[in-house]
Amino acid sequence: MKHRLAILLLALGLLGLARADEVEVIELKYRTAEQMIPTLSPLVEPGGGLSGRQNMLVIRSSRANIAQLKQVVATLDTMPAPDDLRAAGCGRQLCATRRRRLGYRGER
């Protein structure tokens, strides 16, 4: 009986190690965490987590899921096109309020 219990505990321990979550902090360049979280949340696997503030995202998930999320972030975290900025009413000079709202973090 003790032998079976030891094997069961060992198996459960190994399963826990196989599913060990990792934590990754991603610094965003052009978007804010508040802009990215609604898009990324549905992509986080069950049991994982996603949070962030300002230009930092914190992801807790498996290594494979984090890699997928980083690919999505790389695709979405881009500088707004000049047309997007003009459409927002900024013209040639970007006002600070509109830059923040659009997540613009480039050179002024």
Tally time: how many residues in region 36-75 are over 11 Å from I26 (Cα atoms), part of a helix (DSSP H, G or I) and β-branched (V, I, T)?
-> 4
Residue check, R31 at pLDDT below 95 and surrounded by 16 or more Cβ atoms within 10 Å (Cβ to Cβ) = yes
Matching entry among A87, A67, A81 (being modelled with pLDDT of 90 or more and exposed (fewer than 14 other Cβ atoms within 10 Å of the Cβ)) = A67
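The values are calculated or read from the model by the stated rules, or taken from the named source; none is laboratory data. Model, not experiment: these values are computed from the prediction. Here Cβ is always computed from backbone atoms with ideal geometry, including for glycine, and neighbour counts include all displayed protein chains.
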